[in-house]
1. Answer yes or no as to whether residue 146 is farther than 15 Å from residue 296 by Cβ, in contact (Cβ under 8 Å) with a residue 12 or more places away in the chain, part of a strand (DSSP E or B) and in contact with a strand residue (DSSP E or B) (Cβ under 9 Å, 6 or more places away or on another chain).
2. Look through 275, 267, 290 and report the one residue that is in a loop (DSSP other than H, G, I, E, B) and under 17 Å from the mean Cα position of the chain (by Cα).
3. Restricting to segment 167-189, name every residue that is free of Cβ contacts under 8 Å to residues at least 60 places away in the same chain, assigned to a helix (DSSP H, G or I) and under 30 Å from residue 149 (Cα atoms).
4. Restricting to segment 305-324, what's the tally of residues that are touching a residue at least 40 places away in the same chain (Cβ under 8 Å), surrounded by 13 or more Cβ atoms within 10 Å (Cβ to Cβ) and over 17 Å from residue 138 (Cβ atoms)?
5. On the basis of being modelled with pLDDT of 95 or more and under 15 Å from residue 103 (Cα atoms), does residue 45 make the cut?
6. Criterion first (under 25 Å from residue 181 (Cβ atoms) and assigned by TED's automatic domain parsing to the domain that holds residue 296) does residue 18 satisfy it?
7. How many residues, within segment 197-235, are part of a helix (DSSP H, G or I) and either at positive phi or in contact (Cβ under 8 Å) with a residue 24 or more places away in the chain (or both)?
8. When you scan segment 62-80, do you find a residue that is modelled with pLDDT of 95 or more and over 21 Å from the mean Cα position of the chain (by Cα), even just one?
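The values are calculated or read from the model by the stated rules, or taken from the named source; none is laboratory data. From a predicted model like this one, the values you see are computed outputs, not experimental measurements. Note that each Cβ is placed from the backbone with ideal geometry, even for glycine, and that neighbours are counted across all protein chains shown.
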């Protein structure tokens, strides 16, 4: 039976509002870090960038951002800073096209694109065979993380200790439906503005593969994924892409300890993104669904902290009792 955790997260006032708790950190959270950038050349002739913070010892934390985020996203920098202060080497991965420089291929990344995190971990273990690896994924990055862990299954490298996935649309089809609602129009417009801008750049570079003329009719993720994500990455259409890449359907293959933490009031998530204990069949996935927190928010109040940073540390300590 999957452990179902009674969450300790509590907040009040405006931060109990799902939209305020989602939007406030995205607009106003500022974290100052000086990363060291590492460019990763990929086996298919492309690249992605990772931004690093050097720690001490053998503990490494890999971070995976959400849709159109980056290593500069506030939630990534906050988690990076928190764990680096504990001595961790931090690796903030930027998905292809998200580091400030367009990647070389017509493809870029999507909710189920796991090749680059797999390649990064392989190279890390070649250079640091005694590394103890922990992973955190957020939103889209959380889904990709869970899918990667499921793909590795029982063959996962023993150096990978545990993972946390926050605010995850584990059922992509239902989340696309929720985000297409009138209530979430502001989020959809923001995502599409960034995604359409990249498609225009890509179309100029790859006119035979990408036709930007469809963009005028793209108003939601179904439109975008039907015309661009799916065909570019080998899926039949949006529905096929969502079904094959939704981590919800492969959670049972994960063999390491994982915390899946989604706020019940997350405006991006459908009820189907909250799998219940009786639906899963192993004891290593821990489900935690606090009432509040919004989407990658979880601020305890005006003068409070961003709670998921401490929650991740507590979970990892419980699993492995790592030394600070």
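1. On the way: farther than 15 Å from residue 296 by Cβ: yes; in contact (Cβ under 8 Å) with a residue 12 or more places away in the chain: yes; part of a strand (DSSP E or B): no; in contact with a strand residue (DSSP E or B) (Cβ under 9 Å, 6 or more places away or on another chain): yes.
It is false that residue 146 is farther than 15 Å from residue 296 by Cβ, in contact (Cβ under 8 Å) with a residue 12 or more places away in the chain, part of a strand (DSSP E or B) and in contact with a strand residue (DSSP E or B) (Cβ under 9 Å, 6 or more places away or on another chain).
2. Every option except 267 fails the conditions.
3. Within segment 167-189, just 188 meets the criteria.
4. Residues that pass the stated criteria total 3.
5. For residue 45, the condition - modelled with pLDDT of 95 or more and under 15 Å from residue 103 (Cα atoms) - is met.
6. yes
7. Number of matching residues: 12.
8. Step one: of segment 62-80, the residues modelled with pLDDT of 95 or more are 62-80.
If we keep only those that are over 21 Å from the mean Cα position of the chain (by Cα) too, we end up with none.
Looking through segment 62-80, none of the residues is modelled with pLDDT of 95 or more and over 21 Å from the mean Cα position of the chain (by Cα).
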